[in-house]
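Below is one structure, written out as structure tokens, with a few remarks after it.
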Amino acid sequence: MENDIWSKNIQGIINLDLSREMRFRDDRKDLFLNILGLTEGMTILDIGCGPGTIARKLSKWLGEKSKIIGIDRDTEFIKYAREKAIKMSLNNISYYEGDALSIPLEDNSVDACISHTVIEHVPNKEFLLEQKRVCKLKGRVSVMYMRPDKYIRTEPDLVPKQSKREEELFDKLFKESDEINNEYSVGKYWPDPVGLPRLLEELGFNNIQIDAIAIPIVIDDSRNKINEKMAIVRSEKEQLFEGINIATCLKRDKLSDNELIELKELITERTNQRLKFIKEGKNIWDYSILSLQVVSGMVE
Ligand SMILES: C[S@@+](CC[C@H](N)C(=O)[O-])C[C@H]1O[C@@H](n2cnc3c(N)ncnc32)[C@H](O)[C@@H]1O
């Protein structure tokens, strides 16, 4: 049965694919591989893989000798992930539709399990036990999740600010999104920083490790070429537009057609102002630093 609950109601393909491209940049390859304990030749399962971005990164980073499997419940994500892997000629990836709590794989069949921003949406104990089942002895299960309490965002004066009107329209559009999040258990099971490693211990995992990766998203970073700077700004706009389209489909009557057009125009104007600074070579230093926590344990 088709399931497109996540991609149609919560986060779309563009939002996930573009934001993960930025988080899992190629220059962070060694950092991610070390922390997740992933090496060439392994069979790795990415659970709740969404549109498959992280699996594609692993496929490229680890090469043909490795096997990457992505599973997700959402039909649209899996369809997109499969098509993109074919387009990119990544022959060592397979994507399957499936439930994280009932993984369609044999016991002891993978060398490592990873997941990124999934644990907070599923019952933690069942999620970890299922990974323990499919992972081989001495294999590593690594859970990556965001720490919104450790999120840094600068607010420099020069940045083209969101106008009062844009804020007002956004508030109106997203007013009832809590109901939707509750309906689909979004963020219902956010792990406790102490409770999660404790749970791994209780479930019999060994060699438990806690790592953290700070991920700066900085348009003006001098390592970004001008086209990369523009791509970040444009991708932020595309992500906003996709979010607006999703919210509009859910509750058609929240904004009138004119208000929707107005909101998109305000965002486009703000984006264009930001792009103009880039073209003029003027740095704004509007950036954010995300804090990703990684908790992992070995299967014994
Ligand atoms: C925040 S998204 C993260 C997607 C991906 N890991 C990434 O970072 O791009 C959460 C994902 O978990 C998936 N998901 C939620 N509950 C699931 C379940 N019980 N089984 C499989 N996938 C699930 C959703 O469909 C969605 O793709």
Pair list, Cβ under 9 Å, 6 or more apart: region 6-24 residue within 24 Å of Asn182 (Cβ to Cβ) and in contact (Cβ under 8 Å) with a residue 40 or more places away in the chain, other residue near the ligand (Cβ under 9 Å from one of its atoms) and among the basic types (Lys, Arg): Trp6/Arg73
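Would you check which residues across region 59-74 are of a type in the set (A, V, I, L, M, F, W, C) and in contact (Cβ under 8 Å) with a residue 40 or more places away in the chain and list them? Show your work before the answer.
So the first thing to find is which residues in region 59-74 are of a type in the set (A, V, I, L, M, F, W, C), and the list is 61-62, 68-69, 71.
Passing the criteria: only Ile69.
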Residue within region 184-203 that is closer than 28 Å to Glu21 by Cα, out of contact with any Ser or Thr (no Cβ under 9 Å at 6 or more places or on another chain) and of a type in the set (S, T, N, Q) present: yes
Helices (runs of 4 or more DSSP H) completely within region 1-74 that count 3 or more residues being within 14 Å of the ligand (Cβ to nearest atom): 5-9, 13-23, 53-62
Unmet requirement for Pro104, which otherwise passes all of (1) touching a helix residue (DSSP H, G or I) at 6+ places or on another chain (Cβ under 6 Å); (2) assigned to a loop (DSSP other than H, G, I, E, B); (3) at pLDDT 95 or above; (4) not polar (S, T, N, Q): (1)
Among the candidates Leu266, Leu260, residue that is farther than 22 Å from Arg20 by Cβ, part of a helix (DSSP H, G or I) and in contact (Cβ under 8 Å) with a residue 60 or more places away in the chain: Leu266
Residue check for Leu31: touching a residue at least 24 places away in the same chain (Cβ under 8 Å) and surrounded by fewer than 20 Cβ atoms within 10 Å (Cβ to Cβ): yes
Every residue from region 34-53 that is surrounded by fewer than 17 Cβ atoms within 10 Å (Cβ to Cβ) and either free of Cβ contacts under 8 Å to residues at least 12 places away in the same chain or within 20 Å of the chain's Cα centre (by Cα) (or both): Asn34
Count - residues of region 130-171 that are in contact (Cβ under 8 Å) with a residue 40 or more places away in the chain, surrounded by 13 or more Cβ atoms within 10 Å (Cβ to Cβ) and in a helix (DSSP H, G or I): 7
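The values are calculated or read from the model by the stated rules, or taken from the named source; none is laboratory data. What you are looking at is a predicted structure, and each value in this text was computed from that prediction instead of being measured. Neighbour counts are summed over all protein chains in view; Cβ atoms, including those assigned to glycine, are modelled from backbone coordinates with ideal geometry.
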